[in-house]
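Asks: First the structure, then my questions, so here it is.
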Amino acid sequence: MILLYSPKIKEQVYYLNKLKIDGSIHIAWDFATKNILENIKDMLKYVKAYKIICYILVGFNTNIEQDLYRVRKLKELGIRPFVQPYRDFNNERKVSQYEKDFAGWVNKKERFMSCDFKDYKPRNGFVCKKYFE
């Protein structure tokens, strides 16, 4: 895992790209309050966007606007986001329906690429634009 908050990111990514890796490079953008876009852009100087999957943690001190911002920015850069709803260690927290729907939209590439979240229909008679009302 690359530490995108590290001052040595350029060095890390440079050497990571030198490795023969089967599959994708996985990074995470867990904290919506930390803007790591510049570090991701630096990473893209050495690694092709299609080789990167970025985990997005939702439901841990985030709101719908922050969640959408992160996945849209990654999509603009050509990086594949993967949403993971927050679960606590004791399994006391219930994942909300919004988090399930958001993950269902983002994590299925064909859905994510074909429509906006507001237009996504995860269940019969429900459209996600209701989350914005």
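The values are calculated or read from the model by the stated rules, or taken from the named source; none is laboratory data. Given the structure is predicted, the values throughout are model-derived calculations rather than measurements. A quick note on method: Cβ atoms are made from the backbone with ideal geometry, for glycine too, and the neighbour counts reach across all protein chains shown.
Asks: D67: modelled with pLDDT of 85 or more, in a helix (DSSP H, G or I), touching a Cys at 6+ places or on another chain (Cβ under 8 Å) and surrounded by 13 or more Cβ atoms within 10 Å (Cβ to Cβ), yes or no?
Replies: Judged against the criteria, D67 is not a match.
Asks: If we keep just the residues of the range 82-109 that are of a type in the set (D, E) and modelled with pLDDT of 95 or more, which is surrounded by the most Cβ atoms within 10 Å (Cβ to Cβ)?
Replies: By that ranking, first place goes to E99.
Asks: Might you let me know whether the range 34-52 holds any residue that is among the hydroxyl-bearing types (S, T, Y), modelled with pLDDT under 95, touching a strand residue (DSSP E or B) at 6+ places or on another chain (Cβ under 9 Å) and part of a loop (DSSP other than H, G, I, E, B)?
Replies: no
Asks: Going through I27, I36 one at a time, which residue ends up being in contact with a helix residue (DSSP H, G or I) (Cβ under 8 Å, 6 or more places away or on another chain) and not aromatic (F, W, Y)?
Replies: Residue meeting the stated conditions: I27.
Asks: Continuing with the same structure: Given the options L37, L74, L44, L68, name the one that is over 19 Å from D116 (Cα atoms), of a type in the set (A, V, I, L, M) and within 15 Å of the chain's Cα centre (by Cα). Quick ask: steps written out before the conclusion?
Replies: Working: L74 fails: over 19 Å from D116 (Cα atoms); L44 fails: within 15 Å of the chain's Cα centre (by Cα); L68 fails: over 19 Å from D116 (Cα atoms).
That would be L37, the only listed residue that is over 19 Å from D116 (Cα atoms), of a type in the set (A, V, I, L, M) and within 15 Å of the chain's Cα centre (by Cα).
Asks: Further question on the same structure: Would you be able to tell me the number of residues in the range 39-62 that are farther than 25 Å from Y86 by Cβ and either loosely packed, with under 12 Cβ neighbours inside 10 Å or among the aromatic types (F, W, Y) (or both)?
Replies: Adding up the residues that qualify gives 5.
Asks: A follow-up question, please. Scan the range 71-81 and give yes if some residue there is more than 19 Å from I52 (Cα to Cα), of a type outside the set (D, E, K, R), crowded, with 17+ Cβ neighbours inside 10 Å and modelled with pLDDT of 95 or more, otherwise no.
Replies: No, that holds for no residue.
Asks: Which of (1) among the aliphatic types (A, V, I, L, M); (2) assigned to a helix (DSSP H, G or I); (3) touching an Asp or Glu at 6+ places or on another chain (Cβ under 9 Å) is the odd one out, the single condition V83 does not satisfy?
Replies: The single condition V83 does not satisfy is (2).
Asks: What pairs come up if the first residue lies in the range 11-39 and is within 17 Å of L77 (Cβ to Cβ), the second is of a type in the set (S, T, Y) and in a loop (DSSP other than H, G, I, E, B), and their beta carbons are under 7 Å apart, counting only those six or more places apart or on different chains?
Replies: Qualifying pairs under 7 Å: V13/Y46; N17/Y46; A32/T62; K34/Y5; I36/Y5.
Asks: Identify, from the list K75, K51, the residue that is in contact with a helix residue (DSSP H, G or I) (Cβ under 8 Å, 6 or more places away or on another chain) and of a type outside the set (V, I, T). Don't jump to the end; show me each part of the working.
Replies: Values: K51 fails: in contact with a helix residue (DSSP H, G or I) (Cβ under 8 Å, 6 or more places away or on another chain).
So the residue among K75, K51 that is in contact with a helix residue (DSSP H, G or I) (Cβ under 8 Å, 6 or more places away or on another chain) and of a type outside the set (V, I, T) is K75.
Asks: Further question: In this structure, does K94 turn out to be part of a helix (DSSP H, G or I) and either over 19 Å from F31 (Cβ atoms) or under 14 Å from the mean Cα position of the chain (by Cα) (or both)?
Replies: Values: part of a helix (DSSP H, G or I): no; either over 19 Å from F31 (Cβ atoms) or under 14 Å from the mean Cα position of the chain (by Cα) (or both): yes.
No.
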